[in-house]
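Just so you know, all these numbers are worked out from the coordinates, no wet-lab data involved. Remember, it's a predicted structure, so these values are computed and weren't measured experimentally. In this analysis, Cβ positions are derived from the backbone assuming ideal geometry, glycine residues included, and neighbour counts consider all displayed protein chains.
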Amino acid sequence: MNHCKSLGFALLGATAALLMPVMVQGQENKNPPKKKLVRAVKLTASGGSRKPPTQPELKQRFTKKLEGAWIKNAAWNLDYEKALQASQESGKQVFAYFTRSYAP
Amino acid sequence: MENGLFSSADFTEWSKNYVLYLHISTRLEGREHEGLFRAKGFTGFPTLAFLDAEGGLCAKHAGSRVIPEIQTTADKARAYMVLRSKAASGDKVAVQHLFVADLELARYDFALGSLKLAGLRKEMPQSLQKKADQLMIDIQYNELRRRLSKELSAGLDRKEYTRRYQGLNLDFYRSGLFPSGRTALSILMGVMGYAFQNKDEALLAQALEKFKAQASNQPGFAPRVSRYESMLAQLRGDK
């Protein structure tokens, strides 16, 4: 848990550090930002040079996700309406797990 | 979690008391309910939540992903549903607590939340008012932040985005309205960075004091404070 807090704190710092040099551009800035930070900001701004996945690639990732053995370990419902209907009929709450297949 | 908790026999047993729903965001075009994650107001994967039979959010799990902690969230969801029925039957205290619970679940946007709070405030005990006020600040900040992110996605120039983002943080800082949790620290670090770059010694000193007061229980606090202290010393020395 503490480890997670440290990580979160580090991320906050990284965000602030990343934004700091850019936010003064356009104003009188006598301290030019360090090269490494400028590179990091540029990389973030461009979203990197990676191509977004195509629809067939996304479909493949989705299929692979559905093949996970863990899905068969419990009665997961993939249909939203059916899950709500089952909740209505049984009086049980819905326990929902939101995940993604397009990225790890 | 998938290869751990969700693959365990304990989970199989525990899950029999619930209807399980698995939502996978795929980015596939034209897929039904693809936008459900965003529609529920969630922001990070993975998210575990308890929903009612209408799909309304009753509790979002924020603790460790182990059965006892998830059960605690399930109990909160159950308590929320009880509160809702009490409020529906006309219990005035339940109405006030339900409103705050709904703010916590981000079921209201800032405009509607403000309106409802104005109607309920007079009868609310001070402690509940204070909680509602803090939640309203959180909602307001998140809305403005999200609006800005949307503009960035829609093609806003990144420099302009950064300028507006800094402006937003400075506005919240100057108004004394601090969102809860780490967002407040993020704002303070942004303000200190801005102050340093603009050689605003007074602003840096003031924000640093607030940062010390708010972040003292955070791991990694001491080195960060000494970094900002040396930035302040540098400004003072530059004079």
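Table for the structure above
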quantity: Links that overshoot a 28 Å alpha carbon limit, given the list B:Lys40/B:Lys210; B:Lys40/B:Lys159; A:Lys51/B:Lys150; A:Lys72/B:Lys86; B:Lys122/B:Lys212; B:Lys159/B:Lys199; calculated: B:Lys40/B:Lys210; B:Lys40/B:Lys159; A:Lys72/B:Lys86; B:Lys122/B:Lys212
quantity: Cα gyration tensor, region B:100-239 - rounded (a/c under 1.5), prolate or oblate; calculated: oblate
quantity: Shape of region B:1-102, Cα gyration tensor, a/c cut at 1.5; calculated: oblate
quantity: For region B:1-72 versus region B:146-192, the gap between their alpha-carbon centres in whole angstrom; calculated: 30 Å
quantity: Region B:140-211: C-alpha gyration tensor shape, a/c 1.5 cut-off, then a/b vs b/c; calculated: oblate
quantity: Angle between chain B longest axis and helix B:201-215 axis [Cα atoms, degrees, rounded to 10]; calculated: 30 degrees
quantity: Label-point separation in nm, B:Glu29 to B:Ala79, each point 7 Å along Cα→Cβ; calculated: 4.7 nm
quantity: In nm, spacing of pseudo-spin labels at B:Glu123 and B:Arg107 (7 Å Cα→C-beta vector); calculated: 1.7 nm
quantity: Dipole magnitude of chain B, debye to nearest 20 (Cβ charges: Lys/Arg +1, Asp/Glu -1, about Cα centre); calculated: 580 debye
quantity: Directionally averaged projected area (convex hull, Cα atoms, the protein assembly as shown), nm²; calculated: 20.4 nm²
quantity: Average partner coverage of B:195-208, which counts Cβ from other chains inside 10 Å; calculated: 2
quantity: Other protein chain Cβ atoms within 10 Å, averaged over every residue that makes up A:58-66; calculated: 3
